[in-house]
Amino acid sequence: MTRSMTGLRNREGDAAYDITWPWSEGPLPDGLTCVFRVKNEARNLPWVLPPMLEAVQHVVLVDNGSDDGTPDVAREVVERVGATDRFTQTAYPFAVSRAGAEHLLTPPDSVHSLTYFYNWSFAQVRTAYSMKWDGDMVLTHEGVELLRDLSWQLRGSRAVVAIPRHPMTVESESVAWLDLGFRFLEPWVYPMGPEFTFVKGFEWEVREFPPSSERIVAPEGMCVELKWLDQDEFAHWSSTDFDAVRTPRKAREIAVHRAISEGRGDSFEGLRRVEAPPGVHVIDHVTGTWMAAATRPLVKRPDSLEV
Amino acid sequence: MSSRRVVLVVGPGRGGTSALAGGLQALGMRVPPPEVPAGDRAARGPAESQWVVDLHTELLGRANVDVADARPSAWFETGKLAANGLLRTRVTEWLGPQLAPVYDPEKDEDVEPELVLKDPAIAWFVGLWKGAAIRVDVTPAYLTPLRHVAEVVGGQERPSVRTAAWVNVMLHGERATRGSLRAFVRYDDLLADWTVPIFRIGTELGLRTVTEANANSMRNVHHFLDPDLRRSQHTWADVPVPARLREIAEESWQALTGLAEPGGDTDARHATLDSLREAYVELYEEAEGIAASTADAARREGAAASTGPDQPKGLKRLLGR
């Protein structure tokens with residue numbers, strides 16, 4: 001990868017998608033920007049975007065070849081909540097290697113690499129802190145408030161923040177299954193700067209941070225990761241034959257998906273069925289009410305997955 | 001938003017928090033017992049719950065933050081604690097039972113109380129209380145009394161650091177409650193005629209205790225609040241501080257008092273407060289850089305003191321004996 005103090009060039013020689021590090025143009029102002037890289041998240045964004053726009057100063061949404069109207073849905077949602085001045089929508093037109101074997105074989109300086117895609121996406125950030133977020137992750141009420149606080153408290157700290165998430169498979173408008181059998185913990189919030197860029201990992205990209213960075217772990221119950229029982233949740237992987245050692249999170253997710261599909265959810269360890277009251281969508285119920293009232297700790301088993 | 005309320009009185013010591021919390025208590029809001037007894041700081045009782053004060057004292061100690069800390073970075077230290085899952089559970093488990101219905105002799109029935117929580121340290125832990133409030137389904141409302149900085153710090157030792165701490169706590173405390181249900185009240189207005197600001201607060205924050213107050217409870221407030229409470233009437237002439245600090249403090253005061261005006265909690269005023277916070281952080285970092293030798297010397301002294309009593313000191317140490 002051709003690295004310089006000011007950015008990266010891609011091996012394809014497409015200068016329009018060279019990366020200029022935002023900090024090379026001067027100090028970045030305070031604040032937290034959330035970066036979504038999305039493909040076909042039209043179904044999820046109406047739940048995902050509003051709470052995030054409540055929580056952070058700015059949102060960048062990078063669409064990567066959606067064919068389900070994702071950019072239009074994003075625009076409509078942002079207009080509806082009156083946040084157009086805090087929202088940047090852009091597109092990354094290249095086919096990006098899927099996580100797993102495809103990613104491993106893709107050079108990190110290729111526009112087709114997840115690593116390059118992430119670095120390019122985060123180069124759109126114009127605040128001192130940034131966070132990666134997925135287009136299927138919904139903040140709970142408490143999660144919104146936590147991020148609102150961190151968005152100014154982190155100033156100048158160089159700390160990174162890991163946030164536990166709880167996969168939630170939506171069976172119908174009123175029923176969902178929360179996976180509380182494992183603790184899925186991943187750092188999401190990072191300062192912007194040369195020590196916090198993305199490098200290549202085996203299955204996907206990895207964000208660097210110096211050993212001196214303090215690590216804060218947010219409480220449980222801050223967000224859920226939506227899965228839809230009627231949808232192929234593993235399309236962005238090269239193979240669904242997940243290695244329980246290398247990718248335990250994916251192995252767990254597919255086991256949960258199968259258990260619910262086959263009607264074994266009630267007997268699957270750690271799965272919790274939630275039913276919303278009449279007239280309330282189960283996603284709103286879980287993020288607005290259920291999660292706040294649930295007894296802590298949410299995840300009873302000692303197992304913890306850090307990815 | 002839940003119709004249940006817990007009011008957090010957010011502001012530095014001597015800033016009018018006792019008058020405000022005590023007034024609401026006299027009107028019928030509940031300060032969870034046992035309370036901190038009356039003392040020199042608040043002759044009529046500070047309207048503080050002992051559990052809350054003890055918790056904050058413990059947490060400030062853990063974070064190595066002073067209740068009147070002038071360091072902007074101190075907000076990160078207490079913010080880390082506020083994001084701690086175990087602490088959130090601990091606060092939630094205390095707060096929940098405080099909302100259990102209690103007997104109201106006026107109504108001759110059990111009534112769910114509206115709570116008022118106050119402690120000069122509460123500004124540092126707004127996030128922690130907010131998280132607990134969400135979990136017990138009660139809406140937190142923030143109430144900040146505004147008293148001129150010269151009245152707050154006047155007549156005390158080390159006026160510069162006290163003024164700096166006032167700026168730090170007021171500007172960051174404002175940032176911490178921004179976007180939430182909140183109100184600001186000028187201390188002078190409270191003492192001049194409490195009925196006007198308290199009625200406004202009650203309406204804006206949706207406090208049943210205020211909107212349904214009866215004659216008896218209003219009498220209680222009149223007995224509690226009187227203009228004699230105003231014991232400090234200092235001005236800038238009594239507070240010798242560096243010119244730039246005074247400038248930022250005065251501008252902060254002007255911007256903050258604007259928040260207490262009807263419709264004054266605006267984006268434009270938030271932008272002004274953001275600039276002032278930025279200016280204060282720059283000034284503090286500048287001062288920290290200049291005073292680094294003092295900090296280094298204190299650190300060396302602390303390290304020497306921690307080497308134990310057996311180490312030679314004074315002249316013996318100088319002579320290497």
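Go through the residues of region B:31-45 one by one and say whether even a single one is closer than 21 Å to A:A292 by Cα and in contact with a helix residue (DSSP H, G or I) (Cβ under 7 Å, 6 or more places away or on another chain).
No, the conditions are met nowhere in region B:31-45.
Counting only residues that are outside any strand (DSSP E or B) and among the aliphatic types (A, V, I, L, M), which one in region A:166-208 is farthest from A:G7 (Cα to Cα)?
Ranking the candidates gives A:L180 first.
Check off (1) part of a loop (DSSP other than H, G, I, E, B); (2) under 21 Å from the mean Cα position of the chain (by Cα); (3) within 18 Å of A:K132 (Cα to Cα); (4) not β-branched (V, I, T) for A:L61 and give me the number that stays unchecked.
(1) is the only condition that A:L61 fails.
Does region B:157-169 contain any residue that is among the aliphatic types (A, V, I, L, M) and touching a Ser or Thr at 6+ places or on another chain (Cβ under 9 Å)?
There is at least one residue in region B:157-169 that is among the aliphatic types (A, V, I, L, M) and touching a Ser or Thr at 6+ places or on another chain (Cβ under 9 Å).
Does region B:92-142 hold any residues that are closer than 15 Å to B:V7 by Cβ and basic (K, R), and which are they?
Across region B:92-142, the qualifying residues are B:K118, B:K130.
Which is at pLDDT 90 or above, surrounded by fewer than 21 Cβ atoms within 10 Å (Cβ to Cβ) and either within 25 Å of A:P51 (Cα to Cα) or more than 15 Å from the chain's Cα centre (by Cα) (or both), of A:E225, A:E220, A:E186?
Of the residues listed, the single one that is at pLDDT 90 or above, surrounded by fewer than 21 Cβ atoms within 10 Å (Cβ to Cβ) and either within 25 Å of A:P51 (Cα to Cα) or more than 15 Å from the chain's Cα centre (by Cα) (or both) is A:E225.
Quick test for you: out of A:V77, A:V81, pick the one residue that is surrounded by fewer than 23 Cβ atoms within 10 Å (Cβ to Cβ), away from chain B (no Cβ under 14 Å) and in contact with a Leu (Cβ under 8 Å, 6 or more places away or on another chain).
After applying the criteria, what remains is A:V77.
What strands (runs of 3 or more DSSP E), lying completely within region B:106-217, carry at least 2 residues that are surrounded by fewer than 23 Cβ atoms within 10 Å (Cβ to Cβ) and at pLDDT below 95?
In region B:106-217, the matching strands (runs of 3 or more DSSP E) lie at B:109-111.
Being at pLDDT 95 or above, more than 14 Å from every other protein chain (Cβ to nearest Cβ) and in a loop (DSSP other than H, G, I, E, B) is the filter here, so list the residues in region A:1-38 that pass it.
Across region A:1-38, the qualifying residues are A:N10, A:R11, A:E12, A:G13, A:D14, A:D18, A:W21.
Among the residues in region A:119-127, are any at pLDDT 95 or above, over 19 Å from A:L28 (Cα atoms), more than 14 Å from chain B (Cβ to nearest Cβ) and surrounded by fewer than 21 Cβ atoms within 10 Å (Cβ to Cβ)?
Among the residues of region A:119-127, not one is at pLDDT 95 or above, over 19 Å from A:L28 (Cα atoms), more than 14 Å from chain B (Cβ to nearest Cβ) and surrounded by fewer than 21 Cβ atoms within 10 Å (Cβ to Cβ), which makes the answer no.
Could you give me the residue pairs with C-beta distances under 7 Å whose first residue belongs to region A:92-116 and is on the phi > 0 side of the Ramachandran plot, whose second residue is part of a loop (DSSP other than H, G, I, E, B) wherever it lies, and which are 6+ apart or on separate chains?
Every condition considered, the pairs that remain are A:G100/A:E203; A:G100/A:S238; A:G100/A:S239.
Residue by residue through region B:91-103, note down the ones that are free of Cβ contacts under 8 Å to residues at least 12 places away in the same chain and either surrounded by 11 or more Cβ atoms within 10 Å (Cβ to Cβ) or within 14 Å of another protein chain (Cβ to nearest Cβ) (or both).
B:E93
Given the criterion part of a helix (DSSP H, G or I) and more than 14 Å from every other protein chain (Cβ to nearest Cβ), identify the matching residue among B:S275, B:S293.
Testing whether each residue is part of a helix (DSSP H, G or I) and more than 14 Å from every other protein chain (Cβ to nearest Cβ) leaves just B:S293.
Which ones in region B:166-219 are under 18 Å from the mean Cα position of the chain (by Cα), of a type in the set (D, E, K, R) and over 28 Å from A:D149 (Cβ atoms)?
Within region B:166-219, just B:D188 meets the criteria.
Based on this model, can you work out whether A:L146 counts as within 14 Å of chain B (Cβ to nearest Cβ) and not in a strand (DSSP E or B)?
yes
Every residue in region A:256-303 that is among the small types (G, A, S), more than 24 Å from the chain's Cα centre (by Cα) and part of a helix (DSSP H, G or I), please.
The answer is A:A259, A:S261, A:G265, A:S267, A:A293.
Here are some residues: B:A68, B:A74. Which one is farther than 19 Å from B:A133 by Cβ and within 12 Å of chain A (Cβ to nearest Cβ)?
Being farther than 19 Å from B:A133 by Cβ and within 12 Å of chain A (Cβ to nearest Cβ) holds for just one of B:A68, B:A74, which is B:A74.
Got at least one residue in region B:239-247 being of a type in the set (G, A, S), surrounded by 15 or more Cβ atoms within 10 Å (Cβ to Cβ) and either at positive phi or part of a helix (DSSP H, G or I) (or both)?
Residues of region B:239-247 of a type in the set (G, A, S): B:243.
Right, trim to surrounded by 15 or more Cβ atoms within 10 Å (Cβ to Cβ) and you get none.
Scanning region B:239-247 turns up no residue that is of a type in the set (G, A, S), surrounded by 15 or more Cβ atoms within 10 Å (Cβ to Cβ) and either at positive phi or part of a helix (DSSP H, G or I) (or both).
Is region A:151-165 home to any residue that is in a helix (DSSP H, G or I), within 14 Å of chain B (Cβ to nearest Cβ) and within 18 Å of the chain's Cα centre (by Cα)?
yes
Based on what the data block shows, is A:T33 crowded, with 20+ Cβ neighbours inside 10 Å and hydroxyl-bearing (S, T, Y)?
So A:T33 passes the test.
So which of B:P113, B:P145, B:P140, B:P159 is in contact with a helix residue (DSSP H, G or I) (Cβ under 9 Å, 6 or more places away or on another chain) and more than 30 Å from B:N216 (Cα to Cα)?
The unique qualifying residue is B:P159.
Would you please name the residue that is nearest to the other protein chains (Cβ to nearest Cβ), looking only at residues in region A:133-143 that are part of a helix (DSSP H, G or I) and closer than 20 Å to A:L185 by Cβ? Give the derivation first.
Residues of region A:133-143 that are part of a helix (DSSP H, G or I), as a first pass: A:141-143.
Still in the list and also closer than 20 Å to A:L185 by Cβ: A:142-143.
Values: A:E142: 5, A:G143: 10 Å.
Only one residue tops the list, namely A:E142.
So, in region B:42-79, how many residues would count as being at pLDDT 95 or above, of a type in the set (K, R) and either crowded, with 21+ Cβ neighbours inside 10 Å or not in a helix (DSSP H, G or I) (or both)?
Matching residues across region B:42-79 total 1.
How about region B:104-163: which of its residues are within 11 Å of chain A (Cβ to nearest Cβ) and closer than 20 Å to B:P46 by Cα?
If the condition is that a residue be within 11 Å of chain A (Cβ to nearest Cβ) and closer than 20 Å to B:P46 by Cα, then B:W124, B:F125, B:V126, B:W129 are the ones that fit.
List every residue pair whose Cβ atoms sit under 6 Å apart, with the two residues 6 or more apart in sequence or on different chains, where the first one lies in region A:217-228 and is away from chain B (no Cβ under 14 Å) and the second, anywhere, is in a loop (DSSP other than H, G, I, E, B).
These pairs meet every condition: A:E225/A:D136; A:L226/A:N44; A:L226/A:D136; A:K227/A:E233.
The values are calculated or read from the model by the stated rules, or taken from the named source; none is laboratory data. For clarity, every value in this text was computed on a predicted model and none was experimentally measured. Glycine gets a Cβ as well: all are built from the backbone with ideal geometry, and neighbour counts include every protein chain shown.
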